[in-house]
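Here the structure is laid out as structure tokens; the discussion comes afterwards.
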Amino acid sequence: MLGLEAGQSAFGDVYAWFKNLLLGPAEQMIKESKVLDEAQKERLADEMANQMIPWLTREAEKIGIGESGIVCPRLAERSPYTRCQPIAQRCHFWA
């Protein structure tokens, strides 16, 4: 399990890192494909890059609140120091 709390200014960096983490192996497999020509490889890689986060968002929206076992009620805070509590006290994890 991985937990991450970042300030608002880090959102773009974290977003890009997460997208690259998910797409990296797929992009490498596309590059090495023997069944796709170069134009197809480029179009497929672009399509995947443009659709990864929207697809994950649609899938996440299918999960009901509390269904995953992880609930973080204060995600709207702009700073981790707004409340003087560590993240473990603000988020509740159920097995």
May I ask you to verify whether Arg58 is at pLDDT 55 or above, assigned to a helix (DSSP H, G or I), within 19 Å of Phe18 (Cβ to Cβ) and of a type in the set (Lys, Arg)?
yes
Go through (1) among the hydrophobic types (A, V, I, L, M, F, W, C); (2) modelled with pLDDT of 95 or more; (3) in contact with a helix residue (DSSP H, G or I) (Cβ under 9 Å, 6 or more places away or on another chain) one by one and return the number of the condition Phe18 breaks.
(2)
Quick check on the range 30-62: of everything there that is surrounded by fewer than 10 Cβ atoms within 10 Å (Cβ to Cβ) and among the aliphatic types (A, V, I, L, M), which residue is farthest from Gly12 (Cα to Cα)?
Val35
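The values are calculated or read from the model by the stated rules, or taken from the named source; none is laboratory data. Note that the structure is predicted; figures quoted are calculated from it, not measured. Cβ coordinates were reconstructed from backbone atoms using ideal geometry, including for glycine residues, and neighbour counts include every protein chain displayed.
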